[in-house]
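See below for the structure under consideration.
The values are calculated or read from the model by the stated rules, or taken from the named source; none is laboratory data. Computed from a predicted model, the values in this text were never measured in an experiment. Backbone-built Cβ (ideal geometry, glycine too); neighbour counts: all protein chains shown. Remember, those area values only see protein heavy atoms, side chains included, never the ligands or the DNA or RNA. Shrake-Rupley method; radii C 1.70, N 1.55, O 1.52, S 1.80 Å.
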Amino acid sequence: MQLDRTMRGKYVIAGVGHTAFGKLGLDTVTLNVQACAAALADAGVEKGAVDALFLKVPTSNREILYGQKVAEGLGIQPRWGGAWDQGGAANITLIAMAMMAIDTGQCEIALVSYADNPRSGSAAVYGRPRGNDSLYGWFSTAAGYGMIHRRHVIEHATPPEAFAAIAMAARRHGAGNPHAQLRSPLSQEAYMQSPFVVDPLRRDDCCLVSDGGAAVVVMSAERARSLRVDHAVPILGLGSGQTSWELAARETLTSTEAVRSGAIAFEMAGMQPSDIDVAQLYDCFTITPLMTLEDYGFCRKGEVADFVAGGRIEYGGDLPINTSGGLLSETGMPGMQLIIEGVRQIRGIARLQVRGANACVVSNQGGTMHTHATLILGS
Amino acid sequence: MSSDLLKADIDAINAPYWKGLMEGRLLFQRCSGGHAWLPARALCPTCLSKEWQWQAAAGNGRILSWVIYHHAYHPAFKERLPYNVALVQLEEGPRLLTNILASNDALAPDLAVRLAIDTSAAQPLATFELEDSKPPVAVSA
């Protein structure tokens, strides 16, 4: 396979937008429309110029021909679009698909959006029975991550302090974010006393359940220049990976598709982990960013506990992660908020702005670590 | 409680698996290429072979990982809290999610476990007990 590295920097995120997060009492079409309108306003683009609308399916509430409903709400007639089901990896994947569609001349300006309302609607999807294994009591999204979390501890003696470090960084970064749903900082002591949900997962290992919507506008860098878009952020690298094996049939529980996905994204960007200034890592559960750091190559497998110790991943450290609070503090929305915070960091307008941030890696992940997508943004 | 939720979804492909459990046997599939797997499939997920047979597991396995539920996502499990679900690797290769019929505190990585199916249950399941907890249960092949 020959990677087309000329794609590096050829496309940009021209605008970003999001709704409030929390318990909103609104349907998902409305939330998507609000997020898209905000992203278009941020880019300074008229809705009539949009000819592609790529959506991630709302996790908690699936509808047939969903893409058409959102397009109708926006009053647009895109040539390309629809709703894509790949779990939390979908947002970055859809940005990649938008980019490829534009590159082949099929469309010019794409909206990529996601919204869901499990907080005011139904969160049953997160506690659902998992096929015939539910006869053994195998329910929920959390349990699969608990199985992986424990296997990581078994193989690498990963201490609870490493998991706490992820939760504490997210909560510290979200504490001052006026949009964040959970704004209370977390101490290591409080983490250790947090009740088990599915042991080894404690409450503070688990992301929030949230209503909200977020969207980005994708176009070519050339088009952004001709439209005089301010603060367009170049896409330097993208990659994807999927293991389709369910947990029980998977060869290893302690390595993820972040390996393949990250390698392609870094190759496309012509970068290495040491070039990254700030990272937004999908944190549905604390084990996820820990393994993503290893699998992207920020440290060796099994050495992530040392890597995250001593505040390195907090604001002011060598590699701040999830600077707006991530899924553990800002909103449990699966992933688009991380992309938006990456854009803010490269624009230089983040609330917790990393000084001289020239490169940000964003990870999206879905299923029980089934799917992964990586995005590298840079100036 | 919707008891329907806790009925196995049995179809033409997996029916022998569930029938096997009623008879006290844990069946898995093995193709002519030697690949072994669970759960039941029409084609070998490794080589897509249609040439496969059901085989009975000898019943020996080891624990790869486990979780302990402190919250019941279904009323049927409320009285069992805190209960375990473990990932067990059979000596023949396939892995399955199961319950270890032992104290949660006794669970440990790589611990040897032995198949222990309660055939008197309405729906017998492929549960396991700790290898050294009692003499091996006779499992007919």
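State all residues of the range B:1-44 that are touching a His at 6+ places or on another chain (Cβ under 9 Å) and either over 27 Å from B:Arg114 (Cβ atoms) or surrounded by fewer than 16 Cβ atoms within 10 Å (Cβ to Cβ) (or both); if no residue qualifies, say none.
B:Met1, B:Ser2, B:Leu5, B:Cys44
Give the residues of the range B:82-94 that are within 10 Å of another protein chain (Cβ to nearest Cβ) and either surrounded by fewer than 20 Cβ atoms within 10 Å (Cβ to Cβ) or more than 14 Å from the chain's Cα centre (by Cα) (or both), sorted by residue number.
Selection gives B:Pro82, B:Tyr83, B:Gln89.
Among the residues that make up the range A:136-144, is at least one of them assigned to a loop (DSSP other than H, G, I, E, B) and among the β-branched types (Val, Ile, Thr)?
Yes, the range A:136-144 has at least one match.
With A:Gly356, A:Gly316 as the choices, which residue is open to solvent by 20 Å² or more (accessible area, probe 1.4 Å), over 27 Å from A:Gly212 (Cβ atoms), assigned to a loop (DSSP other than H, G, I, E, B) and touching a residue at least 60 places away in the same chain (Cβ under 8 Å)?
Exactly one residue qualifies, and that residue is A:Gly356.
Of the residues A:Ala164, A:Ala123, which single one is aliphatic (A, V, I, L, M), more than 9 Å from every other protein chain (Cβ to nearest Cβ), in contact (Cβ under 8 Å) with a residue 12 or more places away in the chain and touching an Asp or Glu at 6+ places or on another chain (Cβ under 9 Å)?
Within the list A:Ala164, A:Ala123, the selection yields A:Ala164.
Does the range B:46-59 contain at least one residue that is open to solvent by 10 Å² or more (accessible area, probe 1.4 Å), within 11 Å of chain A (Cβ to nearest Cβ), more than 21 Å from A:Met147 (Cβ to Cβ) and not polar (S, T, N, Q)?
no
Conditions tested, residue by residue: (1) open to solvent by less than 10 Å² (accessible area, probe 1.4 Å); (2) among the aliphatic types (A, V, I, L, M); (3) within 16 Å of A:Gly332 (Cβ to Cβ); (4) in a loop (DSSP other than H, G, I, E, B).
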position: A:Pro58; (1), (2), (3), (4): yes, no, yes, yes
position: A:Gly73; (1), (2), (3), (4): no, no, no, no
position: A:Pro78; (1), (2), (3), (4): no, no, no, yes
position: A:Asn91; (1), (2), (3), (4): yes, no, yes, no
position: A:Ile95; (1), (2), (3), (4): yes, yes, no, no
position: A:Gly105; (1), (2), (3), (4): no, no, no, yes
position: A:Tyr114; (1), (2), (3), (4): yes, no, yes, no
position: A:Ser134; (1), (2), (3), (4): yes, no, no, no
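For every residue, the table says whether it meets (1) without any contact (Cβ under 8 Å) to a residue 40 or more places away in the chain; (2) under 17 Å from A:Trp84 (Cβ atoms); (3) open to solvent by less than 50 Å² (accessible area, probe 1.4 Å).
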| site | (1), (2), (3) |
| --- | --- |
| A:Tyr11 | no, no, yes |
| A:Ala14 | no, no, yes |
| A:Phe21 | no, no, yes |
| A:Gly25 | no, no, no |
| A:Cys36 | no, yes, yes |
| A:Asp51 | no, no, yes |
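Say we look at the range A:201-238 and pick out the residues that are assigned to a strand (DSSP E or B) and within 30 Å of A:Gly131 (Cβ to Cβ); which of these is farthest from the other protein chains (Cβ to nearest Cβ)?
A:Gly212
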